[in-house]
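Remarks on the structure that follows.
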Amino acid sequence: MNKAITDGLVLMPPKFAQGLAVWSSGDGTGGAPTYDTIAGAALVPADQDFGTCLELQKTQAVQKIRHTGQTPILPGMYLRVSVRVKAVSGNLPSVRIAGWAGDSAGNHVAGAVEVGPSTALSAYGDVVEVTAIVGVGNRRGVDMVWGPAASFGHFGLDLTGATGGIIRIEDIRITDATAIFHRKLMDWVDVRDYGAVGDGVTDDSAAFLAADADAQGRQVLVSKGTYLLAGNVTMNAHVRFEGTVTMPDAARLQLTENFDLPSYVAAFGNEELGLKKALQALFNFTDHESLDMCGLRVTLSAPIDVHAVVGNQDTFANRRVLRNGQLESDGGPAWTTDVVTAQASYDPANPLVLTNVAGISQIPVGALVEGVGVGREVYVRARNVAAGTLTLSLPLHAAPAQQSYTFRRFKYLLDFSGFTFLQRFNIADVEFLCQGKCSGLMLADDGQAFHVRDCFFTAPLDRAITSKGLGCKGLQLDRNEFLSNEQKLNVIDRRTIAFNINGNDAKIRNNRAVRFRHFAVIHGTGHIITHNHFFQGDNAKTPSRTAGIVLTQTNPMTIIQGNYIDNCWIEWGNEHDASPANGGGFSFGGLTIHGNIFFAGQAPAWFRFVRIKPYGAGHYINGLNIEGNTFKHTGGAIDRVEEVDSSIAPLDATRYQNLRVAGNTFNSVTARIYNPVTIELRQTGASATWSADLAGQLPFGAQARHVIGVATHNLVKNGTGGGVYTQPYSVARLGPQGTEIRLHWSEAVSGSAYVTVRGDNLI
């Protein structure tokens, strides 16, 4: 910066040869004699060192020479005042630069330092240069600090010390010295000043690190150019990019001070590459736990394989967060689903492995498996090409010994499947803009406590979130919005699924899902599914419906509470069981369905809200609690709210136990279910046996196993009208389905009684 050039300021005073009338013996403000009238002052036209110069005899203790003109001085501007002198004869004085500070009104600025360092002349004929820096700012290296009030100065020099000596003085020079303080004035340092070349070929890593080390609180400027960083570079200062950097895939740029996506986009000149490099850094240093996308929408040309991007981590267990942005696919060829068909063998004794897989090298890890006996959401977890085997995420329930399988590898905006273990990764406030071109998120092969919150999954082509292994253990989904790409399709034509779970202990809370085939396919145990709203009807109001939640483990130890289950049902089966017949386990138990709103409109009479589907024989209910729910249907009545789908195998109703159905509300439902169930049994004509069939009231095809209470209502009378005060005895499990009970009285009687019956065994 040079104000004389940029602002046209006149700094240099006139030469002595132009006349001494503008050189005062005082402070330069007027009133003191000028040197054109002072005896002992004269011009020397041809000094061998100075050319034309001023020769002066010192006659005062402090002999002043000041230019009467005003030299401007501005905030941020620094002046160098210098002069060369030599002693000719007589006493040797000392010399210093001096000036008078004035403000914009022409008044003297009090407190300004108006003299510079003093230099003593020590020999005749020796040329000595005296200099001083003058400026408004109080900076190191400034000799005369004048403060912000100063706007001009009268500059010159002082001769101090003994009088009588004769001194020759060259023309006084005033130049703009701001450039000396340029680095200190600016809040940045430029990597080019530390040797960076910026040609994209020369390794500029050392220059970046040197600039960072010298920044000391200032920004580092990466000025225009392309800078190769051949290795890992950590910048502790805030870095501002006018140019861009290029790095090998394995090399990391770690921006400690401005760790956010816009900074990485600026650094690499590309949003997609910037996101990859930012994710790489997120997994590789501890100064930041989160990567803020700052609201940016990043269009991806291919799925981001996060494991490959990070490059040096197979497992990771520290909390990390990706937040606040949007991801979308460009719809190019990289997003096309890979489809492979191949023969393979299956043995239930080795339930997670396909063997003798033909063309195994073509089958991608993470592919969905389809075939006879393959349950929903079974994925290829690992591949051993040499052994010809595929490891599956879940067992197959009834697969033949050999068959042709279809493998579909969906493409995900973020794919974490390459990590063998990933723990505590969070995604918050991110919209996955799938737009019918791709899927959203694939989890790691194994891990815990992956957390997705306040995110949108908009129009996934196949899946919103997929777990191909056990990376879903402790999965937390909170306040997310799942918007299907198939909303205009009829229910039966949809194939998309919001998410699946294979591991234990998921927490699914406060999510909303619109018109998927299934909201969730859930294996494992210990899940809490609360306060979600998922609805699956269609505009055509077709009779078809599908399951909203599919539970695939017989004893899930799961709570489904406070949800709005809209035009879909809860399906509970064991399709992920290699030996689906009950072999002595807990069978269907450990499930609580409490306080939910079940709603459907225009559904057929056969529609049910809760279905149990055994995939093998010998199963029974062993701990099911359905309480406090509201079941409502509009557009006609449905027969009942629950059923056992016995298309593969029935439940054994003789073994039901710990089945509680109570406190539910039924609207437009023909059969209202309870267990235990209390009925009013009325007998109008006198009879010694009273009978009732409870098939309509008992849930899930339960038998009337036990009569646990009989209380007569008003007087029970015999055939002559006399009161009968004896108690009847009961017989249960009568009739072809075991749903009838009978009361036996001591004589023929009429009246009514409240009878309580359990459809499960007493413990």
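The values are calculated or read from the model by the stated rules, or taken from the named source; none is laboratory data. This structure is a prediction, so every number in the text was calculated from the model and none was measured. As a convention, Cβ positions derive from the backbone with ideal geometry for all residues, glycine included, and neighbour counts pool all protein chains shown.
So that you can scan it fast, the table gives a plain yes or no per residue for (1) within 54 Å of the chain's Cα centre (by Cα); (2) closer than 30 Å to Arg611 by Cα; (3) small (Gly, Ala, Ser):
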site	(1), (2), (3)
Ile648	yes, yes, no
Thr654	yes, yes, no
Ser668	yes, yes, yes
Ile673	yes, yes, no
Arg682	no, no, no
Gly696	yes, yes, yes
Pro699	yes, yes, no
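For Leu209, indicate whether it is farther than 24 Å from Thr286 by Cβ and surrounded by fewer than 21 Cβ atoms within 10 Å (Cβ to Cβ).
Criteria not met by Leu209.
If you go through segment 550-573 and keep only what is hydroxyl-bearing (Ser, Thr, Tyr) and under 30 Å from the mean Cα position of the chain (by Cα), you end up with Thr558, Tyr564.
Scanning segment 159-191 for residues that are within 35 Å of the chain's Cα centre (by Cα) and not in a loop (DSSP other than H, G, I, E, B) returns Trp188, Val189, Asp190, Val191.
For segment 224-245: of the residues being of a type outside the set (Gly, Ala, Ser) and assigned to a loop (DSSP other than H, G, I, E, B), which is surrounded by the most Cβ atoms within 10 Å (Cβ to Cβ)? Filtering segment 224-245 for residues that are of a type outside the set (Gly, Ala, Ser) and assigned to a loop (DSSP other than H, G, I, E, B), the one surrounded by the most Cβ atoms within 10 Å (Cβ to Cβ) comes out as Leu229.
Could you tell me which residue of segment 343-372 is surrounded by the fewest Cβ atoms within 10 Å (Cβ to Cβ), considering only residues that are assigned to a strand (DSSP E or B) and over 38 Å from the mean Cα position of the chain (by Cα)?
Ranking the candidates gives Gln343 first.
Contact map, segment 504-525: residues that are among the hydroxyl-bearing types (Ser, Thr, Tyr) paired with residues that are assigned to a loop (DSSP other than H, G, I, E, B), Cβ distance under 8 Å, separation 6+ or inter-chain. Pairs shown: Thr525/Asn504; Thr525/Asp505; Thr525/Gln553; Thr525/Asn555; Thr525/Pro556; Thr525/Met557; Thr525/Gly590.
If you go through segment 639-657 and pick out every residue that is in a loop (DSSP other than H, G, I, E, B) and surrounded by fewer than 18 Cβ atoms within 10 Å (Cβ to Cβ), you end up with 7. Among residues of segment 414-439 that are closer than 27 Å to Pro333 by Cα and assigned to a strand (DSSP E or B), those with a beta-carbon under 7 Å from a residue that is among the basic types (Lys, Arg) and modelled with pLDDT of 95 or more at least six positions away or on a different chain give the pairs Val430/Arg323; Ser439/Lys411; Ser439/Arg463. The single condition from (1) in a strand (DSSP E or B); (2) out of contact with any helix residue (DSSP H, G or I) (no Cβ under 7 Å at 6 or more places or on another chain); (3) not charged (D, E, K, R) that Ala39 fails is (1).
In the set Val44, Val88, Val81, Val95, which member is in a strand (DSSP E or B), in contact (Cβ under 8 Å) with a residue 12 or more places away in the chain, β-branched (Val, Ile, Thr) and in contact with a Cys (Cβ under 7 Å, 6 or more places away or on another chain)?
Val44 is the lone residue from the list that is in a strand (DSSP E or B), in contact (Cβ under 8 Å) with a residue 12 or more places away in the chain, β-branched (Val, Ile, Thr) and in contact with a Cys (Cβ under 7 Å, 6 or more places away or on another chain).
Taking (1) crowded, with 20+ Cβ neighbours inside 10 Å; (2) touching a residue at least 40 places away in the same chain (Cβ under 8 Å) in turn, Leu221 satisfies each apart from (2).
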